[in-house]
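Here's the structure we're looking at; comments come further down.
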Amino acid sequence: MNNSSFKDSNIYPILFMLVTCMFFVGILATMYRGSEKRIDEYNRNSYQKLVLDLLSESISDKTGISPDDIMGNYPKSYGNYVKESTLPGLNNRIFAAVIDSETIGYCVEIKGKGLWGSMKALVALSSDMKNLKGLSIFEQMETPGLGARIGEEWFLTQFRDIRIVKEDRVAGDYLNSFELIPEGKQADNPLQIQQVTGATITTASVTKMLRDELNSIYHAFKGQAKL
Amino acid sequence: MKLKEIFVTSAFRENSVWRQILGICSALAVTNLMMNSLIMGLGVIFSLALSGFTISLLRNWTPRSVRMMVQTLVIASYVIMVDIFLKAYLPDISKQLGPYVGLIITNCILMGRAEAFASQNKPFESMIDGIGAGLGYTLVLLVIGFIRELFGFGSIFGIKVLGAWWTNWSIMVMAPSAFFILALLIWFINVKYYKAKV
């Protein structure tokens, strides 16, 4: 009787909700805390592997070790060849591939806006920052199956070995523009990029992010080189 | 026998998609690739089974006025648990799933089964009902995904089955095709098996 009247009282739903919330939040918090270290470690390792993978071609050209062997030797190869660096006036994370005190290439983290949210990527650049050597998008919130296909291999390989800087003595150096072509159409030159069908805005966002970020990276680098 | 009856009813006879028209958003959104459909389906089966079980366990103590809040809390907790587990122990699969895991929380089928079945039946029966409803939903997703991926990409589960001669139908990759196929599927099943009058 007492129990029944307590269940009918106004305070019971509040107490019940409070206890249930605390119980489930407690389980989730414990579970998250317990796996936090593992998740962070995985995130750090996969990020470093991405950097090493993008720089592996340049390292391979210089050392003669195949990119597969370089990747297979992670984390030793990462420690041997990759150094985190900075550029004055630039907040992006920059990694340099250094062999015998000579910088042979860079990998820079860039970010931009997609259709639904922000996206983050890593770009590999030549040592003079004039050639785009590779692109890898590691964080994006695009539509699964449509815009999210920018993470697929066929799309990303289009951004390999592109001369991005146009040197002009009169107007000053500027960045070449990308041109979007339909998916499946053969590109006539490296600056033509096949867009993802049904995701025009996302594809354009990727090329805009690249142009904007590479522009500021190149000019920050050039400014530093003059000093 | 009763459990079998519960399973068959929730999976086929009263299928959430073609009979109750629930879970349509995800059936439209994730079905352009079969792998996406399968993963979404597995996530929904897991969450439906466990949330049904828990909501049923709590049903005698849950006040009517806050029952929906409790159901949402239980569903969201299980979905987040799956998400954390995948991130920590199966990070590659977690990366492939992307936002799908989170999307399960908003699937109407979960709230539907919680309200219609789990809040009035025993825990084990609710779990079987959840598995049945999840399988029925996954079946629909896979059928739509099969048609869309085959015509849109010329592949099944990412494996190319149509040769270079095949021209991909862009419309199959985009949202409108899902509307057409889902509508045709619902129409076909209702006319054929439920003798609905057109």
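The values are calculated or read from the model by the stated rules, or taken from the named source; none is laboratory data. The structure displayed is predicted, hence computed values, not measured ones. All Cβ positions, glycine included, derive from the backbone under ideal geometry; neighbour counts span all protein chains shown. Accessible surface is based on the protein model in full, side chains and every heavy atom, while ligands, DNA and RNA are left aside. Shrake-Rupley method; radii C 1.70, N 1.55, O 1.52, S 1.80 Å.
For chain A, with a Gaussian network of springs between Cα atoms less than 10 Å apart, report the residue from A:205, A:58, A:66 with the top mean-square fluctuation.
A:66
Using a 7 Å offset from the Cα along the Cα-to-Cβ direction at both residue A:152 and residue B:155, what is the distance between the two label points in nm, to one decimal?
0.6 nm
At a 1.4 Å probe, what is the % contribution of carbon and sulfur to the accessible area of region B:1-153?
Whole-percent figure for carbon plus sulfur exposure: 72.
So what is the calculated 222 nm ellipticity per residue for chain A, using -39500 (n - 2.57) for each DSSP H run with n of 4 or more, over all residues, to the nearest 500 deg cm²/dmol?
Computed mean residue ellipticity for chain A: -15000 deg cm²/dmol.
Mind checking how much accessible area A and B bury in total, 1.4 Å probe, in Å² rounded to 100?
Using a 1.4 Å probe, the pair buries roughly 2400 Å².
Need the list of lysines near residue A:113 for cross-linking: C-alpha distance under 16 angstrom, and skip anything on the same chain fewer than eight residues off.
Candidates past the 8-residue exclusion: A:208.
Sorted by average packing, counted as other Cβ atoms within 10 angstrom per residue and highest first, what order do A:210-220, A:153-163 take?
The densest-packed peptide leads the list: A:210-220, A:153-163.
At a Förster radius of 35 Å, what calculated FRET efficiency corresponds to the Cβ-Cβ distance of residue A:200 and residue A:166, to the nearest 0.05?
Given R0 = 35 Å and the Cβ-Cβ separation, E is 0.90.
Using 1/(1 + (r/R0)^6) with R0 = 30 angstrom and r between the beta carbons of residue B:89 and residue B:115, what's the FRET efficiency to the nearest 0.05?
Efficiency, from the Cβ-Cβ distance: 0.40.
Rolling a 1.4 Å sphere over the protein heavy atoms, what is the accessible area per residue of region A:143-212, to the nearest Å²?
Each residue of region A:143-212 exposes 51 Å² on average to a 1.4 Å probe.
What average number of partner chain Cβ atoms lie no more than 10 Å from the Cβ of the residues making up B:34-42?
Mean shielding count: 1.
If I build a Gaussian network model for chain A, linking alpha-carbon pairs within less than 10 angstrom, which residue out of A:119, A:22, A:141 has the largest mean-square fluctuation?
Result: A:22 has the largest fluctuation of those listed.
Considering only protein heavy atoms, with the full assembly of protein chains and a 1.4 angstrom probe, order B:7, B:153 by accessible area, largest first.
Greatest to least solvent exposure: B:7, B:153.
Between residue B:190 and residue A:9, how many nm apart are label points set 7 Å from Cα along the C-beta direction?
Each label point is offset 7 Å from its Cα along the Cβ direction, giving 5.0 nm.
Rank B:144, B:24, B:80 by mean-square fluctuation in a GNM of chain B with C-alpha springs under 10 angstrom and give only the top-ranked residue.
B:80
Can you give me the accessible area per residue for chain B, using a 1.4 Å probe, in Å²?
49 Å²
Can you give the angle from 0 to 90° between the axis of helix A:200-226 and the longest principal axis of chain A, with both taken from C-alpha atoms, to the nearest 10?
60 degrees
Compute the helix-to-body angle for A:11-63: its Cα long axis versus the longest principal axis of chain A, expressed 0 to 90° and rounded to tens.
Long axis of A:11-63 versus the principal axis of chain A: about 10 degrees.
Under the rule of -39500 (n - 2.57) per DSSP H run of 4 or more residues, summed and divided by the residues of chain B, what mean residue ellipticity at 222 nm is obtained, to the nearest 500 deg cm²/dmol?
The per-residue figure over chain B is -21000 deg cm²/dmol.
Each label point is 7 Å from the Cα along the Cα-to-Cβ direction; what then is the distance between the points at residue A:69 and residue A:40, in nm?
So the two model labels end up 3.6 nm from each other.
Based on the alpha-carbon gyration tensor of chain A and its eigenvalue square roots a ≥ b ≥ c, which shape applies: rounded if a/c is under 1.5, prolate if not and a/b is larger than b/c, or oblate?
It comes out prolate by the Cα gyration axes.
Students often check this: by mean Cβ neighbours within 10 Å, which of A:172-183, B:84-95 ranks highest, and how do the rest follow?
Answer by packing, highest mean first, reads B:84-95, A:172-183.
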